[in-house]
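Data first, discussion second: the structure below is written as structure tokens.
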Amino acid sequence: MLDATDHAIPFHDRADAGRRLAERLQRYANRADVLVLGLPRGGVPVAYEVAKALNARLDVCLVRKLGVPTHEELALGAIASGGVRVLNDDVVNGLEISAQMIDAIAAKELQELQRRDRAYRGDRPQPKIRDRTVILVDDGIATGATMRAAVSVIKPQQPARLIVAAPVAAPPICEELSREVDEVVCVAMPEALRAIGFWYEDFSQTSDEDVRQLLASQL
């Protein structure tokens, strides 16, 4: 199921985007089973606003984009905890990226994934997923590799319902994701997506400390 509209964009910043995304998720408000998971780092400020509006618990789903060398914003794939690796075959094949290069990039990003796990979670246990309604949130979905990696981590844990939510996303990727999850919710799905940052007036980088503070405020 797809839920999207194209009104009133761009967004001012991630907080504004999160509040507007939350408007489209109000049917999940004030339910004890709802868990909102932000994709660090940029997805966490968006997820924070969603969780606050829905009166739901906030946590993180740790995934890491695999950027194309010399063009880091373009994702050739993504990795997540538990050995999950998702590749964007169109990018890999189109740029003739070798398996050896992918392995080297993945090894480097795995170190960062582990560092973020320690930095953001510390001693806190992983949230319970089974039989809960889980909303995966990012600040935008372009190639979909990062979100598909997140889905690959969460889906085997048997949530009662799995929702992908983002302020802005590419329509073809949303169609693909809608076949993997129960629902995809977006504020906007422009045909000419360009870069995610194009749809924000303020797309400044989210820091590790920002993520820690937002998570701590929800505990």
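Below are the figures for this structure:
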read-out	value
Test result for Thr143, surrounded by 15 or more Cβ atoms within 10 Å (Cβ to Cβ) and within 22 Å of Lys52 (Cα to Cα)	no
Hey, Val184 crowded, with 21+ Cβ neighbours inside 10 Å and touching an Asp or Glu at 6+ places or on another chain (Cβ under 9 Å) or not	yes
Residues of the range 62-116 classified as in a loop (DSSP other than H, G, I, E, B) and closer than 18 Å to Thr143 by Cα, total	7
Options Arg27, Arg20; residue that is assigned to a helix (DSSP H, G or I) and without any contact (Cβ under 8 Å) to a residue 24 or more places away in the chain	Arg27
Residue ranges of helices (runs of 4 or more DSSP H) in the range 127-219 with at least 3 members hydrophobic (A, V, I, L, M, F, W, C) and touching a Cys at 6+ places or on another chain (Cβ under 9 Å)	145-154
Any hit, the range 171-189, residues being of a type in the set (Gly, Ala, Ser) and within 14 Å of the chain's Cα centre (by Cα)	no
Failed item, numbered, when Leu215 is tested on (1) over 23 Å from Ala32 (Cα atoms); (2) at pLDDT below 95	(1)
Evaluation of Ala78 against (1) surrounded by 24 or more Cβ atoms within 10 Å (Cβ to Cβ); (2) in the same structural domain as Ala149 (by TED's automatic domain parsing) (one fails), failing number	(2)
Residue match in the range 204-212 (condition: in contact with a Phe, Trp or Tyr (Cβ under 8 Å, 6 or more places away or on another chain), surrounded by 11 or more Cβ atoms within 10 Å (Cβ to Cβ), in contact (Cβ under 8 Å) with a residue 24 or more places away in the chain and of a type in the set (A, V, I, L, M))	yes
Residue list for the range 145-180, restricted to those being of a type in the set (Gly, Ala, Ser) and within 12 Å of Ile196 (Cβ to Cβ)	Ala166, Ala169, Ala170
Out of Leu62, Leu87, sole residue that is touching a Ser or Thr at 6+ places or on another chain (Cβ under 8 Å) and either at pLDDT 85 or above or among the charged types (D, E, K, R) (or both)	Leu62
Residue under evaluation Gly38, criteria (1) at pLDDT 85 or above; (2) more than 15 Å from Ile141 (Cβ to Cβ), criterion not met	(2)
Residue that is at positive phi, at pLDDT below 90, out of contact with any strand residue (DSSP E or B) (no Cβ under 9 Å at 6 or more places or on another chain) and of a type in the set (Lys, Arg), where the choices are Arg194, Arg118	Arg194
Filtered residue count, the range 105-137, keeping only those that are of a type in the set (A, V, I, L, M) and without any contact (Cβ under 8 Å) to a residue 12 or more places away in the chain	1
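The values are calculated or read from the model by the stated rules, or taken from the named source; none is laboratory data. None of these values were measured; they are calculated from a predicted model. Quick reminder, even Gly has a Cβ in these numbers, built from the backbone with ideal geometry, and neighbours come from all protein chains shown.
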